[in-house]
Amino acid sequence: MAEQYQVSDAAEIETIGIEATCAADNAYDLVVTEVMVAVGDTVAAEHIFMSLENTKVVTQVTTPAAGIVATIHCLKGDEVQVSDRIIEIRPA
């Protein structure tokens, strides 16, 4: 998995962790096909921030709430598993 990228290493601020999901049943070895945000970006609730693919099934992952992208745990081309934490946002 890729190196973590963070906004800052300042005091711990509560973040919302978002985990990898997939529309396909029994999915594993998801490939990150697109990352649509960068650390520091402001996102709205339900913003599509990443696409994951498993056997030609593409899942677009969205944010559950508005906030600022604090950490991205993977890059395009990385392989992740369902329930791996892939991004964290600080609530707005």
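If r is the Cβ-Cβ distance from A66 to T21 and R0 is 22 Å, what FRET efficiency results, to the nearest 0.05? Please list the in-between numbers first.
Details: r = 19 Å, r/R0 = 0.88.
Efficiency, rounded to the nearest 0.05: 0.70.
Mean 1/r over all different Cα pairs, inverted: what Kirkwood radius does the chain give, in Å? Write out the running numbers ahead of the final one.
Numbers: mean 1/r = 0.0759 Å⁻¹.
Every distinct Cα pair counted, the radius reaches 13.2 Å.
Using 11 Å as the cut-off for backbone N distance, which residues of segment 30-53 belong to the label zone defined by a point 7 Å from the Cα of E14 along Cα→Cβ?
Under 11 Å, as judged by backbone N against the label point of E14, lies no residue of segment 30-53.
Report the gain in length on full extension from K56 to A92: 0.36 nm times residue separation, minus Cα-Cα distance, nm rounded to one decimal.
Numbers: separation 36, 0.36 × 36 = 12.96 nm, distance 3.43 nm.
Here the answer is 9.5 nm.
Once amide H atoms are placed 1.01 Å from N in the peptide plane, what residues at a sequence separation of 5 or more from H47, or on another chain, have their amide H within under 5 Å of its amide H?
Placed amide hydrogens put T63 under 5 Å from H47.
Spelling out what I want: for every residue of segment 29-35, take phi, set θ = phi - 60°, compute 6.51 cos²θ - 1.76 cosθ + 1.60 (Karplus), and round to whole Hz; glycine and proline get x.
In residue order, the calculated couplings are 6, 6, 9, 6, 9, 7, 10 Hz.
Which distance in nm do the two modelled labels at Y28 and A44 give, with both placed 7 Å along the Cα-to-Cβ direction?
For the pair Y28/A44, the computed spacing is 3.9 nm.
We did not get these values from a lab; they are worked out from the coordinates using the rules stated. Fair warning: this is a prediction, and the values are worked out from it, not measured in the lab. As a convention, Cβ positions derive from the backbone with ideal geometry for all residues, glycine included, and neighbour counts pool all protein chains shown.
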